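The next block holds one structure in the form of structure tokens; read it before the comments.
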Amino acid sequence: MEENKFDLLKISKKLKKYLDEERLWHTLGVMHTAASLAMVYDVNVERAQVAGLLHDCAKCIPTKKKIKLCAENDIPVTKFEKDHPFLLHAKLGAWVARNKYNIKDTEILESIVWHTTGKEDMTDFEKIIYIADYIEPARYKAPRLAEIRKLAFEDLDLCMYEILKDTLFYLDENPDDIDQATIRAYDYYKDVITKKENTK
Ligand SMILES: [Fe+2]
Ligand SMILES: [Fe+2]
């Protein structure tokens, strides 16, 4: 049995000061969902909880302050991110997790960076955080949630593909809002799924 390395209670108490009630509730949902997925896929449960807890730690920082913090700390901001500043909470979140919550675990930090857009070739850990964010119990807006929730516990790659597909389909109404990383992630997982199908 591995010893617990993180003080989850301390992290959640601190988060309470920086997140509004709704965001905190979502965050706890992501933590529990990430832990459940970690149990299914043999990933360290405690690290998944930490990433779930901290994935949105920068979400409630006002936009102007987000941009300012990025500038002050040499976090590169693209034109696209400037136009869609909600995206910044991901990379800024990783920075906050490292510098304000003392998280040095690279995979936890990377899972925070990629939880909004996804990317190609994610680790199971990163997929778990991305998926947990999408399916946690307080979510209700996404289409086909029941189906996608079930899939999450059966096949991570197929679940990634279905979420990315729905995300692009939904964003497609505003093509200017589509992030390139999401498109690349979709193409990547489409390929993974096709190859898996062909070897069956
Ligand atoms: Fe987020
Ligand atoms: Fe989230």
Answer from T78, T117 - the residue that is modelled with pLDDT under 95 and of a type outside the set (K, R):
T78
Only one of A38, A58 is more than 16 Å from ligand 1 (Cβ to nearest atom), open to solvent by less than 30 Å² (accessible area, probe 1.4 Å) and closer than 20 Å to L109 by Cβ; which?
A38
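Grab the helices (runs of 4 or more DSSP H) fully contained in the range 1-92, keeping just those with 1 or more residues being farther than 20 Å from D124 by Cβ. Let's see the steps before the verdict.
Details: elements: 8-18, 21-40, 45-54, 63-72, 79-83.
Hits in the range 1-92: 8-18, 21-40, 63-72, 79-83.
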Looking only at the range 117-160, which residues are open to solvent by 70 Å² or more (accessible area, probe 1.4 Å) and hydrophobic (A, V, I, L, M, F, W, C)?
A146, F153
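Collect the residues in the range 161-181 that are buried (at least 19 other Cβ atoms within 10 Å of the Cβ) and either touching a Phe, Trp or Tyr at 6+ places or on another chain (Cβ under 6 Å) or of a type outside the set (D, E, K, R) (or both), keeping them in residue-number order. Full working, then the answer.
Of all residues in the range 161-181, those buried (at least 19 other Cβ atoms within 10 Å of the Cβ) come to 161-164, 167, 179.
Passing the criteria: Y161, I163, L164, T167.
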Test D20 against the criterion of being within 16 Å of ligand 1 (Cβ to nearest atom), within 18 Å of R139 (Cα to Cα), open to solvent by 70 Å² or more (accessible area, probe 1.4 Å) and not basic (K, R), and give yes or no.
yes
Select from the range 69-83 the residues that are surrounded by 10 or more Cβ atoms within 10 Å (Cβ to Cβ) and either more than 16 Å from A58 (Cα to Cα) or in contact (Cβ under 8 Å) with a residue 60 or more places away in the chain (or both) and list them in ascending order.
T78, F80, D83
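The values are calculated or read from the model by the stated rules, or taken from the named source; none is laboratory data. Nothing here was measured: the structure is a model prediction, and the numbers come from that model. When we count neighbours, we look across all protein chains shown, and the Cβ atoms used for this are built from the backbone with ideal geometry, even at glycine. For accessibility, only protein heavy atoms count, side chains too; no ligands or nucleic acids. Shrake-Rupley method; radii C 1.70, N 1.55, O 1.52, S 1.80 Å.
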